[in-house]
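Here's the structure we're looking at; comments come further down.
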Amino acid sequence: MNRLFGTSKQEPPKQQPPPPQNPQQPKVLDLTEQQKRSEAKVKELTEQIQELDKQISEQYYKAKNSKGVQQTTAKSRAVMLLKRKKMLEQQLGQMLNNQMTLDQVAFTKENIQNTLEMAQAMQQVVAVQKEAFKEIDMDKLDDIMDDMEDMKFETDYMNDMMNRNYGCDIDESELDREMAEIENDMNYNAFQPQQQQQQASYQSLMGQKQVYNPQTN
């Protein structure tokens, strides 16, 4: 049968497409770690330059105090040390510039982070306030304000009533007559002691005349 009708060709298995490769994420630079490395490198270069200064000074004094081959050797070493010192000083300058750049980047990053945190805090506060305002009934608040205005009006009216003077009507002519009587009484009371004093003085004088009357003697 297979010879008569032939066999169906089997389709080759489909190849599965390779899984998509995730592009490699760029590594985030740790500024703090980088700053520490930069500071360590600056410290190392500074120490090396200080050590070269000592060696150059030694070779200089050897060259000054020697002659011949020793002097030539000391000069050569001093020149080589000086070249190395200049290379290290150049490298130190580059590291200091890089360190300053890192400090500026870190400062900018910190400011951005602070701004983001402040914005998030403000957003949360606004959301809380919105939720709080939803629970406030503006109509009730308006009624409360009206009630407070009415209470203020009634309180002011009550204070006016409490401070009101309830005086009796007085006849001006009657008041003048009473004042005249008071004045007469005051004058009379002031006159009485003076009159009594005059009477006492008169009686004393008459008594003295009776004592020294020559007719009686």
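The values are calculated or read from the model by the stated rules, or taken from the named source; none is laboratory data. All figures in this text were calculated on a predicted structure; none of them were measured in a lab. A quick note on method: Cβ atoms are made from the backbone with ideal geometry, for glycine too, and the neighbour counts reach across all protein chains shown. SASA here: full protein model, heavy atoms, side chains in, ligands and nucleic acids out. Shrake-Rupley method; radii C 1.70, N 1.55, O 1.52, S 1.80 Å.
Points worth noting:
- The range 62-80 residues that are over 15 Å from Leu52 (Cβ atoms) and of a type in the set (Phe, Trp, Tyr), paired with ones that are at pLDDT 85 or above and open to solvent by less than 60 Å² (accessible area, probe 1.4 Å) (beta carbon under 7 Å, 6 or more apart): none
- Of the residues making up the range 75-88, those that are under 56 Å from the mean Cα position of the chain (by Cα) and either polar (S, T, N, Q) or surrounded by 14 or more Cβ atoms within 10 Å (Cβ to Cβ) (or both) are Leu82, Arg84, Lys85, Leu88.
A quick yes/no check of all residues on (1) in contact with a Ser or Thr (Cβ under 7 Å, 6 or more places away or on another chain); (2) at pLDDT below 85; (3) over 28 Å from Lys109 (Cα atoms):
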position: Pro13; (1), (2), (3): no, yes, yes
position: Lys36; (1), (2), (3): no, no, no
position: Glu39; (1), (2), (3): no, no, no
position: Glu44; (1), (2), (3): no, no, no
position: Tyr61; (1), (2), (3): no, no, yes
position: Ser66; (1), (2), (3): no, yes, yes
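- Selection from the range 110-145 of residues that are assigned to a helix (DSSP H, G or I), acidic (Asp, Glu) and modelled with pLDDT under 90: Glu110, Glu131, Asp139, Asp142, Asp143
- Search result, residues across the range 78-109 that are of a type outside the set (A, V, I, L, M), at pLDDT below 90 and farther than 17 Å from Gln35 by Cα: none
- A search for C-beta distances below 8 Å between a residue of the range 88-107 that is over 28 Å from Leu52 (Cα atoms) and any residue that is surrounded by fewer than 14 Cβ atoms within 10 Å (Cβ to Cβ), counting only pairs 6+ apart in sequence or on different chains, returns Ala106/Thr32.
- Condition met for Thr72 (open to solvent by less than 100 Å² (accessible area, probe 1.4 Å), farther than 30 Å from Ala40 by Cα, in a helix (DSSP H, G or I) and polar (S, T, N, Q)): yes
So that you can scan it fast, the table gives a plain yes or no per residue for (1) open to solvent by less than 70 Å² (accessible area, probe 1.4 Å); (2) among the polar types (S, T, N, Q):
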| site | (1), (2) |
| --- | --- |
| Gln94 | no, yes |
| Asn111 | yes, yes |
| Met118 | no, no |
| Val125 | no, no |
| Glu131 | no, no |
| Glu135 | no, no |
| Met138 | no, no |
| Ile144 | no, no |
